[in-house]
Ligand code: XMP
């Protein structure tokens, strides 16, 4: 896609397949609207086989051009008989690429090839015992009776000609079917979800034994090849990166620094809403005394932010101000640097998938990168991590030698402590929340709980209440502790932290942090709560 900016016509989001994949072999997930599309891709990648998710609207010619080693049809919420249900041109079954259909995908295969799909009166849902035929390559090393995860109402009542049934349940006469000659396989159940006990074996069997993959997707080679590729692309051009200190932008920055060294400038804006010591920690890693070769600019913009946030209590207005101010600060720095050739974005694969799966990645909506392309003069965006899942970004980070504490950092929102302080943000409140959060994190780590909790932090309620300390009456703030377990950050459960740890944290915060006389623990889940307080 061509776009104009600052008088320059540049190629913003076009990515060649070579840039995307790097692996020599690829398995394609064809997305029919199932909730597990990303999960299937991740599971395939866990087999060291590179996997991409594409929408079911991709044309067969394009698939032939991409030449995947195998195609996996995902599940989906529809019935094949719905008028609006997604179908796929039948020629896909004749191009010789192995296919595995899952759930809706399996019904679509049966329906498209002349089998019969029926609607059951009762849905089959949850853990289900299935009997498999171990002469199928899919199930060769699987127990004859194994537990799988079912979630369907329609089922395959009659398999198409040339197919044979390879698994059954009392409800589902063709819980799996195949036509080995045509390399077409199908399972009504979901091998990708962890409730299917031997699902990973089944996927492995498909990608290795049916598709003949060699398994060349390894983070070490990704990193090496990516560095080489960036070097070739950038030549002696200038590169600019907005560094937040989070996992994605840190890994992207180190990758670029290894590739082009001092042609890279990283701008790190300390907005005064970071966790205690965080600004210095980022500087220690990326600054002049750190191990990487790059130009590092730290902008200490704390006072500017506090000024702008004075008297503002509305959460959305606060977010907006923090975002806008970031762009302004970044713009000033970018002006000093002058025109650059490339701008680095820490976009990752879920962002690409969620932004519509087109050939173009929409810029991450994260506030501190979202507005940049409009204000910086550049020719092209580099998104070195756009095909990686979060766990792969972390692996790439470790390959690059980034310290573990940075690689396994908890998610931290772009607007930082600004949305963990309810109501107006002041320098004093930032101090309180930084100190309290530091104590909380320290005690969680001491108790050995840090790796087991999804996200945890202290926030500052806007509530002040009466207390007594020594012989004095106090009227101070209440700190709220939050800890959640989550796999996708869309839903979350409150984490059950042992009482003795909570007592210790509470007592330390009240004793050590001036201005606090109460500590509360937030037990709400998401929904209806959110993880952050604002
Ligand atoms: P909520 O509060 O919506 O948070 O349940 C879900 C996850 O997203 C993070 N979060 C953000 N991350 N910019 C970000 O980069 C933001 O504005 C933002 N708001 C929330 C939050 O920390 C949690 O992990």
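Each of residue 181 and residue 507 was given a label point 7 Å from its Cα along the Cα-to-Cβ line. The distance between the two points is 7.7 nm. Against the longest alpha carbon principal axis of the chain, how many degrees, from 0 to 90 and to the nearest 10, is the axis of helix 390-399 turned? So the inclination is approximately 70 degrees. Averaging the Cα positions of each part gives two centres, and for segment 489-505 and segment 301-316 these lie 30 Å apart. Taking the Kirkwood radius as Rh and the Cα radius of gyration as Rg, segment 24-210 has a ratio of Rg/Rh equal to 0.92. Take each peptide in 327-337, 182-192, count the other Cβ atoms within 10 Å of every residue, and average; sorted highest first, the result is 182-192, 327-337. Modelled this way, with points 7 Å down the Cα-to-C-beta line, the labels at residue 209 and residue 398 are 3.0 nm from one another. Spacing of the modelled spin labels on residue 408 and residue 299, each 7 Å from Cα toward Cβ, amounts to 3.4 nm. Need one number: the % of Cα-Cα pairs in the chain sitting beyond the 40 Å mark. In whole percent, the long-distance tail amounts to 35.
Residue order for 54, 152, 127, fewest other beta carbons within 10 angstrom first, comes to 127, 54, 152.
Could you compute the FRET efficiency for residue 337 and residue 496, with r as their C-beta to C-beta distance and R0 at 41 Å, rounded to 0.05? With R0 = 41 Å, the Cβ-Cβ based efficiency is 0.25. The residue 224 and residue 390 beta-carbon pair, evaluated with R₀ = 25 Å, returns a calculated FRET efficiency of approximately 0.75. Cα centroids of segment 157-229 and segment 38-76: 12 Å apart. In this structure, residue 194 and residue 59 have a Cβ-Cβ separation that, at R0 = 45 Å, corresponds to a calculated FRET efficiency of about 0.85.
Extension gain for residue 431 to residue 307 (0.36 nm times residue separation, less C-alpha to C-alpha distance): 43.1 nm.
Judged by the mean number of other Cβ atoms found within 10 Å, the most tightly packed of the peptides 267-274, 440-447 leads the ranking 267-274, 440-447. Cβ crowding within 10 Å, taken as a proxy for footprinting-reagent exposure, orders 481, 256 from fewest neighbours to most as 481, 256. Taking 15 Å as the cut-off, the amide N atoms of segment 422-454 that come nearer than this to a point 7 Å along the Cα-to-beta-carbon line of residue 526 belong to 453-454. Peptides 32-39, 482-489, ordered by how many other C-beta atoms sit within 10 Å of their residues on average, highest first, read 32-39, 482-489.
Measure nothing fancy, just the Cα-based angle from helix 315-337's long axis to the longest principal axis of the chain, in degrees from 0 to 90, nearest 10. So the inclination is approximately 80 degrees. Counted over segment 420-521 with a bin width of 5 Å, the fraction of Cα pairs per bin, in whole percents, is 2, 13, 24, 22, 18, 13, 6, 2, 1, 0. Computed from Cα atoms, the angle from the helix 427-446 axis to the main principal axis of the chain rounds to 50 degrees.
A short reminder: the numbers here are calculations on the coordinates, not readings from a lab. Remember, it's a predicted structure, so these values are computed and weren't measured experimentally. Cβ coordinates were reconstructed from backbone atoms using ideal geometry, including for glycine residues, and neighbour counts include every protein chain displayed.
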